[in-house]
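What follows is a set of notes on a single structure, which appears directly below.
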Amino acid sequence: MLARTNFAATLAASQKENLGAEFESEAQTPQALFQAMRNRVTAAPFDSVPQQALMSYLQAGSGSWNAAQVTTRAAGLARLLVGSAEYQLV
Amino acid sequence: VRVSRRIFIRDGVATVTLGLSAPAFLSAIAQAQGLPSRRLVVVYLGGGNDALNTLVSYQDPSYYSRRPSIAVPAGQVLQVGSDAAGRALGLHPRLGGLLNIFNEGRLALVQRTGYENSSRSHFEASDIWGTANPQSYTGSGWLGRYLDTLPRPVDALAAWNTTGETPRALLSGTTGVPAIPSASTYTYASPNRGSVALEERTAAQIMASNPATGRPHLAFVNSTSRGAIETLDRVAQATRICRPSSIRTTAFALALRTVAGAIVKNVGSRVYWVQTGGYDTHAQQGQGGGGGYAALMGTLGDGLWAFYSDIRNQGLANDTTVIVFSEFGRRISENGSNGTDHGAAGVMMALGGMVRGGLYGTAASLLRQSHAGEQLWRCPLRDRLPICLREIARPVAWSQFGADTQW
(Lines give C-alpha, C1' and ligand atoms only; values in the text may rest on other atoms or scores of the structure.)
Protein backbone atom coordinates (compact mmCIF):
# COMPACT_ATOMS: atom_id res chain seq x y z
CA MET A 1 0.00 0.00 0.00
CA LEU A 2 2.78 2.37 0.92
CA ALA A 3 4.65 1.56 -2.27
CA ARG A 4 1.56 2.33 -4.30
CA THR A 5 0.98 5.68 -2.68
CA ASN A 6 4.66 6.52 -2.84
CA PHE A 7 4.48 6.02 -6.57
CA ALA A 8 2.13 9.00 -6.57
CA ALA A 9 4.86 10.98 -4.83
CA THR A 10 7.34 10.00 -7.52
CA LEU A 11 4.94 11.17 -10.22
CA ALA A 12 4.22 14.43 -8.43
CA ALA A 13 7.89 15.11 -7.80
CA SER A 14 8.82 14.56 -11.43
CA GLN A 15 6.07 16.95 -12.56
CA LYS A 16 6.33 19.46 -9.76
CA GLU A 17 7.24 22.48 -11.84
CA ASN A 18 4.79 21.56 -14.58
CA LEU A 19 2.00 21.22 -12.02
CA GLY A 20 2.81 24.64 -10.61
CA ALA A 21 2.78 26.24 -14.04
CA GLU A 22 -0.39 24.43 -15.05
CA PHE A 23 -2.42 25.53 -12.05
CA GLU A 24 -0.94 28.94 -11.37
CA SER A 25 -3.61 30.85 -13.23
CA GLU A 26 -6.48 28.96 -11.67
CA ALA A 27 -5.11 28.75 -8.14
CA GLN A 28 -5.82 32.20 -6.83
CA THR A 29 -6.64 30.72 -3.44
CA PRO A 30 -6.05 27.35 -1.74
CA GLN A 31 -9.72 26.55 -2.23
CA ALA A 32 -9.44 27.33 -5.94
CA LEU A 33 -6.40 25.09 -6.27
CA PHE A 34 -8.25 22.30 -4.55
CA GLN A 35 -11.23 22.57 -6.88
CA ALA A 36 -9.12 22.87 -9.99
CA MET A 37 -6.94 19.90 -9.08
CA ARG A 38 -9.89 17.72 -8.16
CA ASN A 39 -11.65 18.55 -11.41
CA ARG A 40 -8.59 17.53 -13.37
CA VAL A 41 -7.33 14.54 -11.40
CA THR A 42 -10.26 12.54 -10.11
CA ALA A 43 -13.99 12.27 -9.97
CA ALA A 44 -13.80 10.27 -6.77
CA PRO A 45 -16.16 11.42 -4.03
CA PHE A 46 -14.37 12.63 -0.90
CA ASP A 47 -16.05 12.65 2.51
CA SER A 48 -15.78 15.66 4.75
CA VAL A 49 -12.86 14.20 6.75
CA PRO A 50 -10.44 13.87 3.80
CA GLN A 51 -11.70 17.11 2.27
CA GLN A 52 -10.96 18.99 5.45
CA ALA A 53 -7.54 17.33 5.72
CA LEU A 54 -6.67 18.41 2.20
CA MET A 55 -7.82 21.97 2.78
CA SER A 56 -5.87 22.17 6.01
CA TYR A 57 -2.79 21.02 4.16
CA LEU A 58 -3.22 23.70 1.51
CA GLN A 59 -3.78 26.40 4.08
CA ALA A 60 -0.94 25.35 6.36
CA GLY A 61 1.74 27.33 4.57
CA SER A 62 3.05 30.43 6.24
CA GLY A 63 3.21 33.69 4.39
CA SER A 64 1.28 34.80 1.39
CA TRP A 65 -0.24 32.56 -1.24
CA ASN A 66 2.03 33.06 -4.23
CA ALA A 67 3.43 31.18 -7.22
CA ALA A 68 6.00 29.34 -5.13
CA GLN A 69 3.30 28.23 -2.73
CA VAL A 70 1.17 27.04 -5.63
CA THR A 71 4.03 24.97 -6.99
CA THR A 72 4.78 23.40 -3.62
CA ARG A 73 1.21 22.75 -2.58
CA ALA A 74 0.04 21.61 -6.02
CA ALA A 75 2.63 18.85 -6.03
CA GLY A 76 1.71 17.83 -2.50
CA LEU A 77 -1.98 17.93 -3.27
CA ALA A 78 -1.49 15.81 -6.37
CA ARG A 79 0.37 13.27 -4.29
CA LEU A 80 -2.35 13.18 -1.65
CA LEU A 81 -5.15 12.86 -4.18
CA VAL A 82 -3.51 10.20 -6.31
CA GLY A 83 -2.32 8.34 -3.24
CA SER A 84 -5.71 8.38 -1.57
CA ALA A 85 -7.92 5.37 -1.13
CA GLU A 86 -10.72 7.25 -2.86
CA TYR A 87 -8.63 7.72 -6.00
CA GLN A 88 -7.54 4.11 -6.11
CA LEU A 89 -11.07 2.77 -5.84
CA VAL A 90 -12.64 4.84 -8.62
CA VAL B 1 1.25 -17.89 34.15
CA ARG B 2 3.48 -20.79 33.35
CA VAL B 3 1.95 -23.48 31.23
CA SER B 4 2.33 -26.75 33.01
CA ARG B 5 3.16 -29.93 31.23
CA ARG B 6 -0.34 -31.17 31.87
CA ILE B 7 -1.98 -28.08 30.41
CA PHE B 8 0.38 -28.14 27.50
CA ILE B 9 -0.45 -31.72 26.69
CA ARG B 10 -4.15 -31.25 27.20
CA ASP B 11 -4.57 -28.07 25.21
CA GLY B 12 -1.57 -27.81 22.98
CA VAL B 13 -1.34 -31.32 21.66
CA ALA B 14 -5.07 -31.79 21.36
CA THR B 15 -5.33 -28.65 19.30
CA VAL B 16 -2.56 -29.64 16.97
CA THR B 17 -3.89 -33.13 16.52
CA LEU B 18 -7.40 -32.09 15.75
CA GLY B 19 -6.84 -28.90 13.93
CA LEU B 20 -3.66 -29.74 12.10
CA SER B 21 -2.58 -26.28 12.92
CA ALA B 22 0.16 -24.90 15.02
CA PRO B 23 -1.39 -21.45 15.37
CA ALA B 24 -4.13 -22.24 17.85
CA PHE B 25 -1.57 -24.13 19.81
CA LEU B 26 0.95 -21.35 19.55
CA SER B 27 -1.50 -18.62 20.32
CA ALA B 28 -3.04 -20.43 23.27
CA ILE B 29 0.30 -20.84 24.90
CA ALA B 30 1.52 -17.41 23.89
CA GLN B 31 -1.49 -15.77 25.43
CA ALA B 32 -1.29 -17.91 28.51
CA GLN B 33 2.29 -16.97 28.94
CA GLY B 34 1.73 -13.32 28.21
CA LEU B 35 5.06 -13.04 26.51
CA PRO B 36 4.62 -10.56 23.70
CA SER B 37 8.34 -9.89 23.64
CA ARG B 38 9.08 -13.28 22.14
CA ARG B 39 9.37 -13.60 18.41
CA LEU B 40 9.31 -16.26 15.77
CA VAL B 41 11.33 -15.82 12.58
CA VAL B 42 10.26 -18.11 9.76
CA VAL B 43 12.78 -18.68 6.97
CA TYR B 44 11.54 -20.27 3.75
CA LEU B 45 13.99 -21.77 1.29
CA GLY B 46 12.17 -21.44 -2.02
CA GLY B 47 12.52 -24.11 -4.68
CA GLY B 48 12.82 -27.32 -2.70
CA ASN B 49 16.04 -27.64 -0.78
CA ASP B 50 18.21 -30.70 -1.31
CA ALA B 51 18.07 -31.94 2.27
CA LEU B 52 20.44 -34.82 1.59
CA ASN B 53 23.22 -32.40 0.75
CA THR B 54 22.36 -30.09 3.61
CA LEU B 55 22.60 -32.76 6.26
CA VAL B 56 24.77 -35.48 4.80
CA SER B 57 24.66 -39.14 5.74
CA TYR B 58 28.32 -39.36 4.92
CA GLN B 59 28.93 -42.95 5.92
CA ASP B 60 26.16 -44.35 3.74
CA PRO B 61 27.73 -45.91 0.60
CA SER B 62 24.46 -45.45 -1.26
CA TYR B 63 24.70 -41.71 -0.81
CA TYR B 64 27.87 -41.70 -2.89
CA SER B 65 26.79 -44.34 -5.40
CA ARG B 66 23.56 -42.53 -6.15
CA ARG B 67 25.19 -39.13 -6.26
CA PRO B 68 28.50 -39.75 -7.94
CA SER B 69 28.96 -36.14 -9.04
CA ILE B 70 27.21 -33.98 -6.50
CA ALA B 71 27.84 -35.83 -3.25
CA VAL B 72 29.67 -33.94 -0.56
CA PRO B 73 32.94 -35.78 0.19
CA ALA B 74 32.96 -37.34 3.61
CA GLY B 75 36.12 -35.51 4.49
CA GLN B 76 34.47 -32.15 3.96
CA VAL B 77 31.29 -32.49 5.97
CA LEU B 78 30.99 -30.76 9.31
CA GLN B 79 30.26 -33.60 11.64
CA VAL B 80 27.34 -33.27 14.02
CA GLY B 81 27.28 -36.78 15.46
CA SER B 82 24.86 -39.62 14.88
CA ASP B 83 21.10 -39.71 14.98
CA ALA B 84 18.95 -42.14 16.95
CA ALA B 85 19.38 -44.78 14.25
CA GLY B 86 23.14 -44.54 14.55
CA ARG B 87 23.69 -42.85 11.19
CA ALA B 88 26.59 -40.45 11.19
CA LEU B 89 25.63 -37.04 9.88
CA GLY B 90 27.42 -33.91 8.84
CA LEU B 91 26.42 -30.46 7.69
CA HIS B 92 27.40 -29.13 4.30
CA PRO B 93 30.88 -27.58 4.56
CA ARG B 94 29.54 -24.11 3.88
CA LEU B 95 27.29 -24.28 6.94
CA GLY B 96 30.04 -23.49 9.39
CA GLY B 97 27.93 -20.85 11.06
CA LEU B 98 25.21 -23.37 11.74
CA LEU B 99 27.79 -25.76 13.14
CA ASN B 100 28.71 -23.09 15.68
CA ILE B 101 25.09 -22.83 16.77
CA PHE B 102 24.73 -26.60 16.81
CA ASN B 103 27.79 -26.92 19.02
CA GLU B 104 26.25 -24.41 21.39
CA GLY B 105 23.26 -26.72 21.62
CA ARG B 106 20.94 -24.17 20.04
CA LEU B 107 20.26 -25.71 16.65
CA ALA B 108 17.74 -28.49 16.14
CA LEU B 109 17.91 -30.42 12.87
CA VAL B 110 14.72 -32.27 12.02
CA GLN B 111 15.09 -34.89 9.32
CA ARG B 112 12.60 -36.22 6.80
CA THR B 113 9.92 -33.64 7.27
CA GLY B 114 7.10 -33.24 4.80
CA TYR B 115 3.71 -34.69 4.05
CA GLU B 116 2.50 -37.78 2.31
CA ASN B 117 1.41 -38.02 -1.32
CA SER B 118 3.03 -34.83 -2.43
CA SER B 119 2.36 -33.88 -6.03
CA ARG B 120 5.87 -32.37 -6.06
CA SER B 121 4.47 -29.15 -7.42
CA HIS B 122 6.19 -26.08 -6.04
CA PHE B 123 2.96 -24.12 -5.90
CA GLU B 124 0.89 -26.77 -4.25
CA ALA B 125 3.62 -27.74 -1.83
CA SER B 126 4.36 -24.21 -0.73
CA ASP B 127 0.66 -23.56 -0.29
CA ILE B 128 0.24 -26.72 1.75
CA TRP B 129 3.11 -25.70 3.96
CA GLY B 130 1.34 -22.37 4.23
CA THR B 131 -1.98 -23.80 5.33
CA ALA B 132 -0.33 -26.62 7.27
CA ASN B 133 -3.10 -28.80 5.95
CA PRO B 134 -2.33 -31.27 3.13
CA GLN B 135 -6.02 -31.62 2.41
CA SER B 136 -6.28 -27.98 1.45
CA TYR B 137 -3.88 -25.61 -0.17
CA THR B 138 -6.27 -22.70 -0.15
CA GLY B 139 -7.46 -20.43 2.62
CA SER B 140 -5.66 -18.85 5.49
CA GLY B 141 -2.19 -19.75 6.65
CA TRP B 142 -1.02 -21.14 9.93
CA LEU B 143 0.65 -17.90 10.96
CA GLY B 144 -2.34 -15.91 9.77
CA ARG B 145 -4.63 -18.00 11.92
CA TYR B 146 -2.37 -17.30 14.85
CA LEU B 147 -2.65 -13.57 14.15
CA ASP B 148 -6.42 -13.90 14.06
CA THR B 149 -6.41 -15.06 17.65
CA LEU B 150 -4.64 -11.97 18.96
CA PRO B 151 -6.74 -9.51 20.96
CA ARG B 152 -8.29 -6.73 18.89
CA PRO B 153 -7.23 -4.25 17.74
CA VAL B 154 -4.18 -6.00 16.39
CA ASP B 155 -0.99 -4.04 16.11
CA ALA B 156 -0.34 -3.22 12.45
CA LEU B 157 3.17 -4.59 12.95
CA ALA B 158 2.17 -7.78 14.71
CA ALA B 159 3.83 -9.59 11.83
CA TRP B 160 6.45 -8.43 9.37
CA ASN B 161 6.86 -9.87 5.91
CA THR B 162 10.26 -9.11 4.40
CA THR B 163 9.17 -10.15 0.90
CA GLY B 164 7.15 -8.24 -1.65
CA GLU B 165 4.28 -10.70 -1.75
CA THR B 166 2.35 -12.09 1.15
CA PRO B 167 3.02 -15.82 1.57
CA ARG B 168 0.06 -18.07 2.25
CA ALA B 169 1.33 -18.82 5.72
CA LEU B 170 0.64 -15.20 6.66
CA LEU B 171 -2.77 -14.96 5.00
CA SER B 172 -5.29 -14.07 7.64
CA GLY B 173 -9.00 -13.62 7.75
CA THR B 174 -8.83 -10.37 9.66
CA THR B 175 -5.24 -9.25 10.06
CA GLY B 176 -3.16 -7.55 7.43
CA VAL B 177 0.57 -8.08 7.33
CA PRO B 178 2.75 -5.34 5.89
CA ALA B 179 5.31 -6.23 3.24
CA ILE B 180 8.52 -4.52 4.28
CA PRO B 181 11.45 -5.82 2.26
CA SER B 182 13.65 -2.97 3.40
CA ALA B 183 13.19 -0.79 6.43
CA SER B 184 15.24 1.97 4.86
CA THR B 185 12.82 2.33 1.95
CA TYR B 186 9.68 1.95 4.05
CA THR B 187 9.11 5.66 4.20
CA TYR B 188 6.48 8.21 3.34
CA ALA B 189 7.63 9.77 0.09
CA SER B 190 6.78 13.34 -0.76
CA PRO B 191 7.50 15.66 -3.67
CA ASN B 192 8.38 18.26 -1.03
CA ARG B 193 10.77 18.48 1.87
CA GLY B 194 10.88 19.67 5.44
CA SER B 195 7.80 20.94 7.18
CA VAL B 196 5.67 20.77 4.03
CA ALA B 197 6.41 17.06 3.69
CA LEU B 198 5.45 16.57 7.33
CA GLU B 199 2.20 18.47 6.79
CA GLU B 200 1.53 16.24 3.82
CA ARG B 201 2.05 13.12 5.87
CA THR B 202 -0.27 14.45 8.57
CA ALA B 203 -2.93 15.07 5.96
CA ALA B 204 -2.51 11.55 4.59
CA GLN B 205 -2.85 10.14 8.08
CA ILE B 206 -6.07 12.06 8.72
CA MET B 207 -7.46 10.99 5.35
CA ALA B 208 -6.69 7.37 6.15
CA SER B 209 -8.45 7.70 9.49
CA ASN B 210 -11.73 8.34 7.73
CA PRO B 211 -14.00 5.45 8.80
CA ALA B 212 -15.83 5.66 5.46
CA THR B 213 -19.09 4.44 6.92
CA GLY B 214 -21.14 2.57 4.39
CA ARG B 215 -18.21 2.17 2.01
CA PRO B 216 -16.51 -1.03 3.16
CA HIS B 217 -13.96 -1.19 0.36
CA LEU B 218 -12.84 2.34 1.04
CA ALA B 219 -12.71 1.61 4.76
CA PHE B 220 -10.52 -1.41 4.09
CA VAL B 221 -8.02 0.51 1.98
CA ASN B 222 -8.02 3.31 4.50
CA SER B 223 -7.28 0.92 7.33
CA THR B 224 -4.36 -0.51 5.36
CA SER B 225 -2.99 2.94 4.67
CA ARG B 226 -3.48 3.97 8.26
CA GLY B 227 -1.59 0.92 9.46
CA ALA B 228 1.28 1.67 7.12
CA ILE B 229 1.57 5.30 8.14
CA GLU B 230 1.30 4.53 11.82
CA THR B 231 4.17 2.07 11.63
CA LEU B 232 6.60 4.23 9.67
CA ASP B 233 8.51 5.55 12.64
CA ARG B 234 8.75 2.16 14.31
CA VAL B 235 10.01 0.49 11.15
CA ALA B 236 12.58 3.23 10.69
CA GLN B 237 14.10 2.24 14.01
CA ALA B 238 14.99 -1.16 12.56
CA THR B 239 17.56 0.47 10.31
CA ARG B 240 19.46 1.68 13.32
CA ILE B 241 20.78 -1.69 14.27
CA CYS B 242 23.71 -2.22 16.51
CA ARG B 243 27.09 -2.73 14.97
CA PRO B 244 27.04 -4.17 11.47
CA SER B 245 28.28 -7.68 11.07
CA SER B 246 31.02 -8.41 8.56
CA ILE B 247 28.79 -10.85 6.69
CA ARG B 248 26.16 -8.70 5.03
CA THR B 249 26.54 -9.14 1.35
CA THR B 250 23.47 -11.10 0.31
CA ALA B 251 19.85 -10.05 0.11
CA PHE B 252 19.06 -12.83 2.56
CA ALA B 253 21.58 -11.53 5.08
CA LEU B 254 20.29 -8.01 4.63
CA ALA B 255 16.72 -9.14 5.24
CA LEU B 256 17.83 -10.89 8.39
CA ARG B 257 19.71 -7.78 9.46
CA THR B 258 16.50 -5.81 9.10
CA VAL B 259 14.74 -8.38 11.26
CA ALA B 260 17.53 -8.24 13.81
CA GLY B 261 17.21 -4.47 13.87
CA ALA B 262 13.48 -4.72 14.42
CA ILE B 263 13.99 -7.15 17.26
CA VAL B 264 16.75 -5.12 18.88
CA LYS B 265 14.65 -1.98 18.66
CA ASN B 266 11.65 -3.89 19.95
CA VAL B 267 9.24 -2.68 17.30
CA GLY B 268 6.71 -5.18 18.59
CA SER B 269 6.43 -7.72 15.77
CA ARG B 270 5.88 -11.28 16.94
CA VAL B 271 6.33 -13.04 13.64
CA TYR B 272 8.79 -12.34 10.83
CA TRP B 273 8.85 -13.96 7.42
CA VAL B 274 12.10 -14.17 5.47
CA GLN B 275 12.74 -16.12 2.32
CA THR B 276 15.53 -16.87 -0.06
CA GLY B 277 15.36 -18.68 -3.38
CA GLY B 278 17.40 -20.62 -5.88
CA TYR B 279 16.95 -24.05 -4.32
CA ASP B 280 15.31 -25.62 -7.36
CA THR B 281 18.59 -27.24 -8.35
CA HIS B 282 17.69 -29.36 -11.36
CA ALA B 283 21.03 -28.76 -13.05
CA GLN B 284 24.64 -27.94 -12.26
CA GLN B 285 24.17 -28.28 -8.56
CA GLY B 286 27.92 -28.38 -8.15
CA GLN B 287 30.42 -31.17 -7.91
CA GLY B 288 32.06 -32.46 -4.79
CA GLY B 289 30.28 -30.12 -2.43
CA GLY B 290 31.12 -26.99 -4.42
CA GLY B 291 29.37 -24.98 -7.11
CA GLY B 292 25.95 -23.42 -7.00
CA TYR B 293 24.59 -25.41 -4.13
CA ALA B 294 27.60 -24.53 -2.03
CA ALA B 295 26.84 -20.87 -2.69
CA LEU B 296 23.27 -21.41 -1.48
CA MET B 297 24.53 -23.08 1.66
CA GLY B 298 27.01 -20.27 2.22
CA THR B 299 24.24 -17.70 1.91
CA LEU B 300 22.07 -19.62 4.32
CA GLY B 301 24.71 -20.45 6.89
CA ASP B 302 26.41 -17.08 6.91
CA GLY B 303 23.15 -15.19 7.03
CA LEU B 304 21.75 -17.20 9.90
CA TRP B 305 25.00 -17.07 11.82
CA ALA B 306 25.22 -13.30 11.47
CA PHE B 307 21.62 -12.97 12.58
CA TYR B 308 22.05 -15.29 15.53
CA SER B 309 25.24 -13.51 16.55
CA ASP B 310 23.55 -10.11 16.43
CA ILE B 311 20.63 -11.29 18.49
CA ARG B 312 22.77 -13.16 20.97
CA ASN B 313 25.15 -10.26 21.41
CA GLN B 314 22.19 -8.09 22.31
CA GLY B 315 21.03 -10.59 24.90
CA LEU B 316 17.90 -11.40 22.93
CA ALA B 317 18.59 -14.93 21.77
CA ASN B 318 16.39 -16.42 24.46
CA ASP B 319 13.41 -14.49 23.17
CA THR B 320 13.95 -15.35 19.53
CA THR B 321 13.48 -18.57 17.62
CA VAL B 322 14.10 -19.17 13.94
CA ILE B 323 12.62 -22.03 11.98
CA VAL B 324 13.86 -22.94 8.50
CA PHE B 325 11.96 -25.04 5.98
CA SER B 326 11.49 -25.70 2.28
CA GLU B 327 8.46 -26.96 0.37
CA PHE B 328 10.03 -30.37 -0.29
CA GLY B 329 13.34 -32.15 -0.55
CA ARG B 330 14.86 -33.61 -3.67
CA ARG B 331 15.36 -37.09 -5.13
CA ILE B 332 18.05 -39.34 -3.76
CA SER B 333 19.70 -39.99 -7.11
CA GLU B 334 21.21 -37.18 -9.10
CA ASN B 335 19.86 -36.63 -12.59
CA GLY B 336 21.72 -36.43 -15.88
CA SER B 337 22.36 -32.73 -15.49
CA ASN B 338 24.33 -32.94 -12.28
CA GLY B 339 21.32 -31.81 -10.37
CA THR B 340 18.40 -33.30 -8.49
CA ASP B 341 14.69 -33.34 -9.23
CA HIS B 342 11.75 -32.77 -6.94
CA GLY B 343 11.54 -35.18 -4.03
CA ALA B 344 9.59 -35.36 -0.83
CA ALA B 345 11.32 -35.38 2.53
CA GLY B 346 13.13 -32.28 3.67
CA VAL B 347 15.09 -31.09 6.63
CA MET B 348 13.81 -28.42 8.96
CA MET B 349 15.82 -26.43 11.43
CA ALA B 350 15.03 -24.53 14.58
CA LEU B 351 17.56 -22.30 16.22
CA GLY B 352 17.50 -19.86 19.06
CA GLY B 353 18.77 -19.24 22.53
CA MET B 354 16.34 -21.62 24.15
CA VAL B 355 15.96 -24.22 21.46
CA ARG B 356 16.92 -27.66 22.65
CA GLY B 357 19.38 -28.46 19.92
CA GLY B 358 20.30 -31.79 18.43
CA LEU B 359 19.28 -34.26 15.79
CA TYR B 360 15.59 -35.04 15.55
CA GLY B 361 14.30 -37.90 13.45
CA THR B 362 16.48 -40.36 11.63
CA ALA B 363 18.24 -40.37 8.29
CA ALA B 364 16.77 -42.63 5.68
CA SER B 365 18.39 -45.62 4.13
CA LEU B 366 19.42 -44.59 0.66
CA LEU B 367 19.55 -48.08 -0.86
CA ARG B 368 18.59 -48.09 -4.50
CA GLN B 369 15.84 -50.66 -4.09
CA SER B 370 14.03 -48.48 -1.63
CA HIS B 371 12.63 -45.03 -1.75
CA ALA B 372 12.97 -44.64 1.95
CA GLY B 373 14.95 -41.47 1.60
CA GLU B 374 11.98 -39.86 0.04
CA GLN B 375 9.62 -41.13 2.63
CA LEU B 376 8.73 -39.19 5.66
CA TRP B 377 9.74 -39.63 9.15
CA ARG B 378 6.93 -40.90 11.34
CA CYS B 379 6.33 -38.59 14.19
CA PRO B 380 6.79 -40.28 17.54
CA LEU B 381 3.18 -39.98 18.55
CA ARG B 382 2.24 -41.92 15.42
CA ASP B 383 -0.88 -40.06 14.64
CA ARG B 384 -1.63 -38.81 11.20
CA LEU B 385 -0.17 -35.41 11.51
CA PRO B 386 0.49 -34.71 7.86
CA ILE B 387 3.14 -32.13 8.25
CA CYS B 388 5.79 -32.58 10.83
CA LEU B 389 5.17 -29.11 12.08
CA ARG B 390 4.62 -30.81 15.36
CA GLU B 391 8.19 -31.95 15.53
CA ILE B 392 9.46 -28.53 14.73
CA ALA B 393 6.82 -27.08 17.02
CA ARG B 394 8.16 -29.05 19.93
CA PRO B 395 11.48 -27.27 20.28
CA VAL B 396 9.89 -24.06 19.06
CA ALA B 397 7.11 -24.24 21.59
CA TRP B 398 9.59 -24.81 24.30
CA SER B 399 11.79 -21.95 23.30
CA GLN B 400 9.02 -19.53 22.48
CA PHE B 401 6.56 -20.14 25.17
CA GLY B 402 8.28 -22.01 27.90
CA ALA B 403 6.21 -25.12 27.41
CA ASP B 404 7.51 -28.36 28.82
CA THR B 405 8.92 -30.42 25.98
CA GLN B 406 8.90 -33.75 27.76
CA TRP B 407 5.62 -34.77 26.26
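The table for this structure:
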read-out	value
From phi via Karplus (6.51, -1.76, 1.60), per-residue ³J(HN,Hα) for region B:152-166 in Hz, x at Gly/Pro	7, x, 7, 4, 4, 10, 4, 10, 9, 9, 8, 10, x, 10, 7
Nitroxide proxy distance, nm - points 7 Å out along Cα→Cβ at B:Gln284 and A:Leu89	5.0
Helix A:67-82 vs. chain A, principal-axis angle (Cα, 0 to 90°, nearest 10)	10
Shielding by other protein chains, A:12-25, mean Cβ within 10 Å	1
Gain on full stretching of the segment that runs from B:Ala85 to B:Asn313 - 0.36 nm per residue minus C-alpha separation	78.5 nm
With every protein chain in place, region B:97-186: carbon and sulfur % of accessible area (1.4 Å)	50
13 Å cut-off, amide nitrogen to a point 7 angstrom out along A:Ala13 Cα→Cβ, residues in region B:182-204	B:185-194, B:197
Average other protein chain Cβ within 10 Å of Cβ, residues B:202-214	6
Protein accessible surface hidden between B and A, which excludes ligands and nucleic acids, total in Å², probe 1.4 Å	2100
Residue-averaged beta-carbon neighbours from other chains (10 angstrom radius) around A:67-77	3
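The values are calculated or read from the model by the stated rules, or taken from the named source; none is laboratory data. Note that the structure is a prediction, hence the values are computed from the model and not measured. Every residue, glycine among them, receives a Cβ derived from its backbone with ideal geometry; neighbour counts consider all protein chains shown. These area figures cover heavy atoms from the full protein model, side chains too; ligands, DNA and RNA do not enter into them. Shrake-Rupley method; radii C 1.70, N 1.55, O 1.52, S 1.80 Å.
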